[in-house]
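First up is the structure itself, then whatever we jot down about it.
The values are calculated or read from the model by the stated rules, or taken from the named source; none is laboratory data. This structure is a prediction, so every number in the text was calculated from the model and none was measured. Heads up, the Cβs are rebuilt from the backbone with ideal geometry, glycines too, and the neighbour counts pull from every protein chain shown.
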Amino acid sequence: MPNNQFKKGELYSFVTGKASIAIARRLQKKFNSASLPITIEQWSVLYHLWKQDGQSQQELCNATFRDKPSITRLVDNLEKLQLVKRVASADDRRINRICLTKTGLRLQEQSMTIAEDTLNEALNGVPAEQIDICKGVLQLVYDNLK
């Protein structure tokens, strides 16, 4: 017997990220309310640059699970907002490193606080052990399909 206790529609809705979409919408709404000029997609790129500045576009593709055209578009728009800049790699001229500007660095604290508040709101009342189980299940689903 297959290991799904959901009706098919419920399972697909769950697996495709109903909760993730709800969190992203709430986070975008809060960014807009705080007059942060970025989208959730742009924030996800900035998040990985805050963790390690100067990544290549390919590294950002891997980190964010996006394809090259998507990352190129996101980086182009982040450049227009003067949040990042492309810097030619000293080792390989074919590679551009994506580096945060001072403006991009300044967004970190405010946006991370908003993101943390949103996640806390989403997880309100969820026991820590259930969060651990959920993380484990979703990791298994991902591992099964990668």
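Within this structure, L78 fails the test of being part of a helix (DSSP H, G or I) and in contact with an Asp or Glu (Cβ under 9 Å, 6 or more places away or on another chain). Restricting T118, T72 to residues that are at pLDDT 90 or above, closer than 24 Å to K18 by Cβ and either in contact with a helix residue (DSSP H, G or I) (Cβ under 7 Å, 6 or more places away or on another chain) or among the aromatic types (F, W, Y) (or both) narrows the list to T118. Counting the residues of the stretch 22-42 that are over 14 Å from the mean Cα position of the chain (by Cα) and hydroxyl-bearing (S, T, Y) gives 2.
Please verify whether the stretch 61-75 includes one or more residues that are assigned to a helix (DSSP H, G or I), β-branched (V, I, T) and farther than 21 Å from A115 by Cβ.
Residues of the stretch 61-75 assigned to a helix (DSSP H, G or I): 61-64, 68-75.
Adding the requirement that they be β-branched (V, I, T) leaves 64, 71-72, 75.
After this cut, where a residue has to be farther than 21 Å from A115 by Cβ as well, the list is 72.
Yes, that holds for at least one residue.
Give the residue that is nearest to the chain's Cα centre (by Cα), with candidates limited to residues of the stretch 93-108 that are closer than 17 Å to I38 by Cβ and among the polar types (S, T, N, Q). Within the stretch 93-108, the match that is nearest to the chain's Cα centre (by Cα) is Q108.
When you check D67 against the structure, is it over 25 Å from V126 (Cα atoms), surrounded by fewer than 16 Cβ atoms within 10 Å (Cβ to Cβ), out of contact with any strand residue (DSSP E or B) (no Cβ under 8 Å at 6 or more places or on another chain) and acidic (D, E), yes or no? Taking the combined requirement at face value, the residue satisfies it.
Within the stretch 21-42, can one find any residue that is in contact (Cβ under 8 Å) with a residue 24 or more places away in the chain, in a strand (DSSP E or B) and of a type in the set (A, V, I, L, M)? Looking through the stretch 21-42, none of the residues is in contact (Cβ under 8 Å) with a residue 24 or more places away in the chain, in a strand (DSSP E or B) and of a type in the set (A, V, I, L, M).
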